Amino acid sequence: MPKVIFISQDNSEVVVEANTGESIMATAVRNDVAGIVGECGGALSCCTCHVHVDEAWADRVAPASDFEGEMLEMTASPRNPTSRLCCQIELSDELDGIRIHLPESQY
């Protein structure tokens, strides 16, 4: 069971257990992680699950699709090179301990 570490703007951390095959967004919503809304439920039709994957982990997740890249142009908080919509990151045992930085705002 992989763990996800969510890091807020004040650098506090929330560690949650995830299910293999589940998205980071679904994990966050199921565990009431503040800062992840997931308004569209993972349908890639909103940007309310925008996150910054920790640089140490960025090369371990599959790259964003072209459509996700277009959606990331509409995030409320500034995009950076490791920005992702976490509904598009599927968890596996290889991602156990992934560190996810939460943006300032989703709206």
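The values are calculated or read from the model by the stated rules, or taken from the named source; none is laboratory data. Since we're looking at a predicted model, the values are computed, not measured. Note: ideal-geometry Cβ built from the backbone for every residue, glycine included; neighbour counts use all protein chains shown. Calculation scope for accessible area: heavy atoms of the full protein, side chains included, ligands and nucleic acids excluded. Shrake-Rupley method; radii C 1.70, N 1.55, O 1.52, S 1.80 Å.
Counted by Cβ distance under 11 Å from G21, the other residues give a net charge of -3, where Lys and Arg count +1 and Asp and Glu count -1. For the peptides 35-47, 78-90, 3-15, residues were scored by their other Cβ atoms within 10 Å and the scores averaged per peptide; the highest-first order is 78-90, 35-47, 3-15. Taking every Cα-Cα distance in the chain and sorting them into 5 Å bins starting at zero, the pair-distance distribution P(r) comes out as 2, 14, 27, 29, 20, 7, 0 percent. Rounded to the nearest angstrom and listed largest first, the equivalent-ellipsoid semi-axes of the range 23-65 from its Cα gyration tensor are 19, 13, 9. Might you work out the accessible area of T75 for me, using a 1.4 Å probe with all protein chains in place, and round it to the nearest 10 Å²? Probe radius 1.4 Å; accessible area of T75 about 20 Å². Per atom type, the chain shows carbon and sulfur on 47% of its accessible surface, probed at 1.4 Å. All other residues whose Cβ lies under 12 angstrom from that of E68 are scored, Lys and Arg at +1 and Asp and Glu at -1, for a net of -1. Each Lys and Arg Cβ is given +1 and each Asp and Glu Cβ -1; about its Cα centre, the chain then shows a dipole of about 120 debye.
Quick one: net charge of D54's neighbours, Cβ under 12 Å, K/R +1, D/E -1? Within the 12 Å Cβ shell, the charges total 0. Calculated accessible area for the chain comes out at 53 Å² per residue, all protein chains present (probe 1.4 Å; ligands, DNA, RNA ignored). In plain terms, the C-alpha convex hull of the range 44-107 casts an average shadow of 4.0 nm² when viewed from every direction.
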